Amino acid sequence: MDAAVEAVGVPATFELCTDIVSPGGVVANAGVHGVKVDLYLDWLWSENISIATRLVDTVSTPMLLKTVVSHRIEPKLLITHRFKLDEIMDAYDMFSRAAETGALKVIIET
């Protein structure tokens, strides 16, 4: 596999990505990690593995919107929890403990 995307933010999925990516490949780390993740730099270096990280921003929004409009992904499958606007603090709490609560994408509804 030339690339692996870690989008969950837990040590097991990061390690899985480093295990499955091919020599010379890239691990794209998009998950928000709340705990330490081991980085086996000696092995990654010898396999010429790159790791790309990025904070949440809007750089990829146009591409993401095109992907959704073309039906290449179904966003509803990513939504795990819904909250009303007056429950926003509960939503933040749940998402901050995603590994514990299973929250993937949290929607705030009016």
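Here are the numbers for the structure shown:
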item: Search result, residues across segment 34-82 that are touching a Pro at 6+ places or on another chain (Cβ under 8 Å) and either without any contact (Cβ under 8 Å) to a residue 24 or more places away in the chain or exposed (fewer than 10 other Cβ atoms within 10 Å of the Cβ) (or both); result: VAL35, LYS36, ASP38, VAL68
item: Top-ranked residue in segment 83-110 [being surrounded by fewer than 12 Cβ atoms within 10 Å (Cβ to Cβ) and more than 17 Å from the chain's Cα centre (by Cα); ranked as modelled with the lowest pLDDT]; result: THR110
item: Flag if GLY31 is without any contact (Cβ under 8 Å) to a residue 60 or more places away in the chain, farther than 18 Å from LEU104 by Cα and not charged (D, E, K, R); result: no
item: Condition check for LEU16: more than 28 Å from GLY102 (Cβ to Cβ) and outside any loop (DSSP other than H, G, I, E, B); result: no
item: Residue within segment 8-16 that is of a type outside the set (Lys, Arg), modelled with pLDDT of 90 or more, surrounded by fewer than 12 Cβ atoms within 10 Å (Cβ to Cβ) and outside the structural domain of ALA103 (by TED's automatic domain parsing) present; result: yes
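The values are calculated or read from the model by the stated rules, or taken from the named source; none is laboratory data. Predicted, not measured: the structure shown is a model, and the values here were computed from it. Glycine gets a Cβ as well: all are built from the backbone with ideal geometry, and neighbour counts include every protein chain shown.
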